[in-house]
Amino acid sequence: MTTISSPLNNFSEMEKAHFSGAVPRRPFTLVRAQGARLWTDDGREFIDCAAAHGWANVGHSHPTVTAAIQRQAATFVATHEGAFNDQRALWMAELSTALPGDLSRIQPANSGAEAVEAALKAARFFTGRTEIIAAKRGFHGRTFGALSATWNKKYREPFAPLVPDFRHVTFNDLAEMEAVISDKTAAVILEVVQGEGGVYPGDPDYFAGVRRLCDERGALLIFDEIQTGMGRTGKLFATEHLPILPDIITLGKGLGGGIPMGAAVWRDSLGTLDAGIHGSTFAGNPLACAASRAVLQVMRDEKLPQRAARLGDWLMTELRAIDSPQIREVRGLGLMVGVQLRGRVTPVLKALADEGIWALPAGPTVLRLLPPLVISEEDLQTVVEKIRGVLGG
Ligand SMILES: *Cc1c(COP(=O)(O)O)cnc(C)c1O
């Protein structure tokens, strides 16, 4: 049901009276979503090119996911990991089957940042070392551990001091990595395609080199696939584009089909954590697990990774064909696409919103497109035409 704002019921003013201020709001009140479409309280419609901030890979209100959530909500919403549970057991089995290699030891979490926390703690625990190496422009979340691995000063500086023993190196620069990984390094954490930092795909040779250095020096390799996972880049997990696997993978965003959920998954050969050293009240709750099982089923049934590969190639070809002095470069993998502009992205986002396209920035000068993988070809065509119109091609 759609709720309409009225002078007595003005949602934006109501939120402004209470919000923390940390997340800037666009001047819209979103009240309903379906597939790749969003609607506001005053009846405006958008094509969602943000997958509602990167999570709606199966689209909004997918019938299979909705049915699973409704069924499970009426059965058993939450129980702590302190007891076994049918939905959690099935989800763990299905997720580990979907993941490549022996990535099959699962620590559930309630968000992406929390999955990163679990991965960092597991890396320190398994290696007995403390140093974490992350990449410049990398983004891993906003809790203290995840924030310590995140690069952007704007997110970090107001909250210093952060967790000790984190350092940042240039992404895609193997020589720099070689110079810093040592016998003190617990883990290297990288995104396969840097998302928030500007949509920068990593080079397969770089990842193969980092893998070799980690093996030589006894460090673990963590891939943060919170944004690149769940079909986004044209494979179910972006590591499947590469000749190597990480020791630990972090998942979130699309994993729960909109129900908050994350997971850190590591190689079975690393072993298990000591009893009692980690946990969270809601982590691995049956509602999220049931939703995630439905997401995995939809990924398979609708072949969404393949669809992302095909539509992503088409989208990048079309965008590269736009003749605009404002476009410096188009880059990406699957349906994770960045348009590097010569100027600032904010006015472009505003102009696109006026045209009914909801897109994201990735830093100050990159337009980021992360549509739901179920987006229709007609809608994607419309997106291209609107971008061509706005960027004046
Ligand atoms: C979004 C994101 C996170 C943080 O996930 P939250 O659920 O917002 O905490 C971490 N890493 C990457 C790569 C992300 O894109």
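The values are calculated or read from the model by the stated rules, or taken from the named source; none is laboratory data. Note that the structure is predicted; figures quoted are calculated from it, not measured. No Cβ is skipped: glycine too gets one built from the backbone with ideal geometry, and neighbour counts run over all protein chains shown.
Here is how the numbers come out for the structure above:
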read-out	value
Elements of type strands (runs of 3 or more DSSP E) in region 131-243, at least 1 residues being within 12 Å of the ligand (Cβ to nearest atom) and closer than 23 Å to LYS253 by Cα	131-135, 185-190, 220-224
Among residues of region 344-365, those that are surrounded by fewer than 23 Cβ atoms within 10 Å (Cβ to Cβ), in a strand (DSSP E or B) and among the aliphatic types (A, V, I, L, M), counted	1
Boolean, ALA119 is within 16 Å of the ligand (Cβ to nearest atom) and within 30 Å of ASP173 (Cα to Cα)	yes
Unmet criterion (only one of (1) in a loop (DSSP other than H, G, I, E, B); (2) touching a Gly at 6+ places or on another chain (Cβ under 6 Å)) for ILE277	(2)
Residues within region 327-369 that are of a type in the set (S, T, N, Q) and touching a helix residue (DSSP H, G or I) at 6+ places or on another chain (Cβ under 9 Å), tallied	0
Counted residues, region 150-169 - those being touching a Gly at 6+ places or on another chain (Cβ under 6 Å) and either on the phi > 0 side of the Ramachandran plot or not assigned by TED's automatic domain parsing to the domain that holds ILE181 (or both)	0
Residue identified as farther than 27 Å from THR40 by Cβ and in contact (Cβ under 8 Å) with a residue 24 or more places away in the chain among ARG320, ARG342, ARG307	ARG307
Test: ALA288 is farther than 20 Å from GLY202 by Cβ, at pLDDT 95 or above and buried (at least 24 other Cβ atoms within 10 Å of the Cβ)	yes
Those residues of region 244-274 which are within 14 Å of the ligand (Cβ to nearest atom), part of a helix (DSSP H, G or I) and of a type outside the set (Lys, Arg), in sequence order	GLY254, LEU255, GLY256
